[in-house]
Amino acid sequence: MNETPPRADIGVFGGSGFYSLTAEAETVEMRTEWGPPSAPVAIAAFGTARVAFLPRHGAGHRHPPHRVNYRANVDAMRQLGVRALISPFAAGSLRPEIRPGEFVVCDQLVDRTWGRESTFHDEFHDGPVHVPFAEPYDPRLRRIMLDAAAEVGAVAHDGGTVVVVNGPRFSTRAESRWHRDSGWHVVNMTQSPEAPLAMEAGIPFVGIALVTDYDAGLDEDPGIEPVSQDAVFAVFEANLHKVRELLDAAIPRLAR
Ligand code: ADE
């Protein structure tokens, strides 16, 4: 057999909810040395660009954030040859001015996760590998996402720090206050090790927070209920069309 390996130009860590196209998607079962990715990859044509979609939590949201095989997911994208990775994610806001339903095109990340397989270099076979990570998010991709947001009229905050917690539980009020007092903006459970692995794989990466809640609540407004899983899923679902519009506007810009 001499099959041509599947190829894609752009990768998106998100599932079928994200592609609003008429285009048929080709589904590919990828294999990696790190094990299977969370799900088969769906590859669809957007104009001239081929876009690979991989839902990080798998079918039926079966992989919790601390058990996602991030190495397999990023490696699958690397094998496909993607030159840009877009990572939309649900996030809690730590500040009143960042509201549910809005986007944050993050420029920094604080990793508070532990116990995850977070590198492709568990052994230094060919000498040490320490990738620079001062800028976890690609500035050009960030600009493109911000321009795309402006085009579709979505509120997108330019810059912000995501603190990544291990989960699967949400934060206590004390943790949430600490995160905010540290100067961070949104909280999530999956940006690490997704972002550092993309850096190790040499794939430009952009993380787009879709704000679903105010985490453990806001001191300014005692009326705000602490986040619940149901609220996160409901707000994400209600705003999924915005993510789709953003991707629809961003992909032609990325392809150029
Ligand atoms: N994802 C969505 N909302 C979140 C929150 N408040 N904390 C962690 N991850 C989240």
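The values are calculated or read from the model by the stated rules, or taken from the named source; none is laboratory data. Please read all numbers here as calculations on a predicted model, not as lab measurements. Using ideal geometry, Cβ is built from the backbone for each residue, glycine included, and neighbour counts are taken over all protein chains shown. These area figures cover heavy atoms from the full protein model, side chains too; ligands, DNA and RNA do not enter into them. Shrake-Rupley method; radii C 1.70, N 1.55, O 1.52, S 1.80 Å.
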Practice task
May I ask for the angle, rounded to the nearest 10°, between helix 139-152 and the longest principal axis of the chain, with both axes built from Cα atoms and the value confined to 0 to 90°?
Solution key: 70 degrees
Problem - Solvent-accessible area, 1.4 Å probe, carbon plus sulfur percent, for the chain - result: 50 percent
Exercise for the section: Can you work out the accessible area per residue across segment 1-131, with the rest of the protein chains kept in place, probe 1.4 Å, in square angstrom? Expected result: 51 Å²
Problem - Cα gyration tensor shape of segment 114-256, rounded if a/c is under 1.5, else prolate or oblate by comparing a/b with b/c - result: oblate
Handout entry: Within the chain, helix-based [θ] at 222 nm, where runs of 4 or more DSSP H residues each add -39,500 (n - 2.57), nearest 500
Key = -9000 deg cm²/dmol
Handout entry: Positive-end extreme of charge dipole, the chain - chosen from 241, 89, 255 (charges on Cβ)
Key = 255
Problem - With Cα atoms, 0 to 90° folded angle of helix 191-201 axis to the chain main axis - result: 30 degrees
Practice task
Run the dipole for the chain about the Cα centre, Lys and Arg Cβ at +1, Asp and Glu Cβ at -1, nothing else charged, and hand back the magnitude in debye, nearest 20.
Solution key: 260 debye
Exercise for the section: Using only alpha carbon pairs under 8 Å that are at least six residues apart, calculate the relative contact order of the chain and give it in whole percent. Expected result: 26 percent
Problem - Extension gain from residue 31 to residue 173, taking 0.36 nm per residue of separation minus the Cα-Cα distance - result: 47.0 nm
Problem - Computed over segment 58-205: relative contact order in percent, which uses C-alpha pairs under 8 Å that are six or more apart - result: 42 percent
Exercise for the section: Only Cα pairs under 8 Å and at least 6 apart count here; give the relative contact order of segment 154-240 as a rounded whole percent. Expected result: 25 percent
Exercise for the section: Relative to the longest principal axis of the C-alpha atoms of the chain, give the angle of the C-alpha long axis of helix 70-80, reported between 0 and 90° and rounded to the nearest 10°. Expected result: 40 degrees
Practice task
Would you mind putting 215-226, 122-133, 97-108 in packing order, based on average other-beta-carbon counts within 10 Å, highest first?
Solution key: 97-108, 215-226, 122-133
